[in-house]
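The values are calculated or read from the model by the stated rules, or taken from the named source; none is laboratory data. Nothing here was measured: the structure is a model prediction, and the numbers come from that model. Positions of Cβ are backbone-derived with ideal geometry, glycine not excepted, and every protein chain shown enters the neighbour counts. Remember, those area values only see protein heavy atoms, side chains included, never the ligands or the DNA or RNA. Shrake-Rupley method; radii C 1.70, N 1.55, O 1.52, S 1.80 Å.
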Amino acid sequence: AAAPTKQAATKAARKGEAGKDGAKTFAKSFAVQIVTWNMNQSSPAGELPEALLRSTAAPADIYVVSTQESGPLPTWERCVTEALVGPEAERTTEGDEGPDTFRLVAQETLWEIHTMVFARRSLRISNLRTGSVATGIGNVLGNKGGVGVGLTVGGNTRILFLNSHFAAHDEKVVERNADYSRIASEMFGATRGPGLDVTSEYDVTVWCGDFNYRVNSNRRAADVLIENKMWEVMRANDQLNAERSKGRCFKGFCEGDITFAPTFKFDNGTDTYDSSAKSRVPSWTDRVLWKCNPFTHSDSVNLKYYSNVPELKDSDHRPVVARLEVSLRAESSKSDGESSEIKSSACAIQ
């Protein structure tokens, strides 16, 4: 028999068709582009910059677009959809769309906290879950809190996307830690055993948002550090880094090196940090972290890049983007019950 063509092999990998040994084959990894942006209730004035989604030069397989203090959602949703899928007038019918076009697979909203998840049509997505947890006044109001989208990729790789807006103001560190703990423990409303939270139910968790952790500094010193791009000094005074090192939040999570300017607070429409009477200290309030579950078959997550998007100046925050390469869990359709060896998970930065 003739050897299978490259196109047939690609098709089999995408659809999980069985090979000669009866085992399904899949791509070894998939790329996830994460965007987090506090929109300050604004809308982009024009087209989205390529740096936000990187959908032209280096398309991902899954896009997670998360916002806080979102602008008008119909306008924002249309803007993102057109960037990934194309203008509505140019779209074909669903049956004619190819395997590499994108579809909206899930979205979730809590007041002005909003997440959209797009995926290639060639990806097998299942077990969708969405939910939200309010942490505003009385743990009832949704001005602060988080939304979650959980799903399975390729049959058995479970991934969770969380988007949160924590308590504001420099001194509210304890409250921010409490917001983190409440969202982690109560997302999807499940009852879990001691010491377990929602991340224990997934192979990989990606948590992004406006966490509101600040840099402990005075404004004059911060301005000098920013002018000289002395990010390492500012990172040493970053509240989130300090709280993580003490085990008070985001235990087991990883974050890439921050080599970009603080993302908050700008005068809207400018590159000038807060010139109001409050003169807030510029800080990295907007972050992307990830965690690999050490008790499942999942392999490593590799960070490809981590940056801000200075071109978008409509808000007092700059968007932050991250690209993660996520390994698929080994999957087999063999009927002998053979299982893969359990590996510990790892976080890697490239």
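Taken over the range 292-328, the criterion of being outside any loop (DSSP other than H, G, I, E, B) and of a type in the set (Val, Ile, Thr) is satisfied by 301, 320, 321, 326.
Do we have residue 210 as touching a Gly at 6+ places or on another chain (Cβ under 9 Å) and under 22 Å from residue 322 (Cβ atoms) here? Here the answer is no, as residue 210 does not meet what is asked. Selection within the range 247-264: residues that are open to solvent by 10 Å² or more (accessible area, probe 1.4 Å) and of a type in the set (Gly, Ala, Ser). The member of this set that is nearest to residue 216 (Cα to Cα) is 261.
Only residues that are over 24 Å from the mean Cα position of the chain (by Cα), within 19 Å of residue 240 (Cβ to Cβ) and open to solvent by less than 40 Å² (accessible area, probe 1.4 Å): list them for the range 274-296, please.
Quick first cut of the range 274-296, residues over 24 Å from the mean Cα position of the chain (by Cα) only: 274-281.
Cutting the leftovers down to within 19 Å of residue 240 (Cβ to Cβ) gives us 280-281.
Hit for the range 274-296 is 281, nothing else.
Of the residues in the range 212-233, how many are in contact with a Ser or Thr (Cβ under 7 Å, 6 or more places away or on another chain) and within 11 Å of residue 281 (Cα to Cα)?
Here is the first cut: in the range 212-233, the residues in contact with a Ser or Thr (Cβ under 7 Å, 6 or more places away or on another chain) are 212-215, 219, 231.
With within 11 Å of residue 281 (Cα to Cα) added as a condition, the list becomes 214-215, 219.
Counting residues in the range 212-233 that are in contact with a Ser or Thr (Cβ under 7 Å, 6 or more places away or on another chain) and within 11 Å of residue 281 (Cα to Cα) gives 3.
Apart from one condition, residue 318 fits all of (1) among the charged types (D, E, K, R); (2) under 18 Å from the mean Cα position of the chain (by Cα); (3) under 24 Å from residue 119 (Cα atoms); the exception is (3). Looking across the range 236-246, just one residue is over 24 Å from residue 185 (Cα atoms), buried (at least 16 other Cβ atoms within 10 Å of the Cβ) and free of Cβ contacts under 8 Å to residues at least 40 places away in the same chain, and that is 237.
From the list 271, 314, 299, the lone residue that is open to solvent by 30 Å² or more (accessible area, probe 1.4 Å), under 23 Å from residue 64 (Cβ atoms) and at pLDDT 95 or above is 314. A search for C-beta distances below 7 Å between a residue of the range 303-319 that is of a type in the set (D, E, K, R) and any residue that is crowded, with 18+ Cβ neighbours inside 10 Å and at pLDDT below 95, counting only pairs 6+ apart in sequence or on different chains, returns 314/44.
Yes/no per residue for (1) acidic (Asp, Glu); (2) surrounded by fewer than 19 Cβ atoms within 10 Å (Cβ to Cβ); (3) touching an Asp or Glu at 6+ places or on another chain (Cβ under 6 Å); (4) not in a helix (DSSP H, G or I):
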site	(1), (2), (3), (4)
141	no, yes, no, yes
164	no, no, no, yes
186	yes, no, no, no
192	no, yes, no, yes
221	no, yes, no, no
226	no, yes, no, no
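Of the helices (runs of 4 or more DSSP H) contained entirely in the range 1-116, those carrying at least 2 residues that are modelled with pLDDT under 85 and surrounded by fewer than 20 Cβ atoms within 10 Å (Cβ to Cβ) fall at 6-15.
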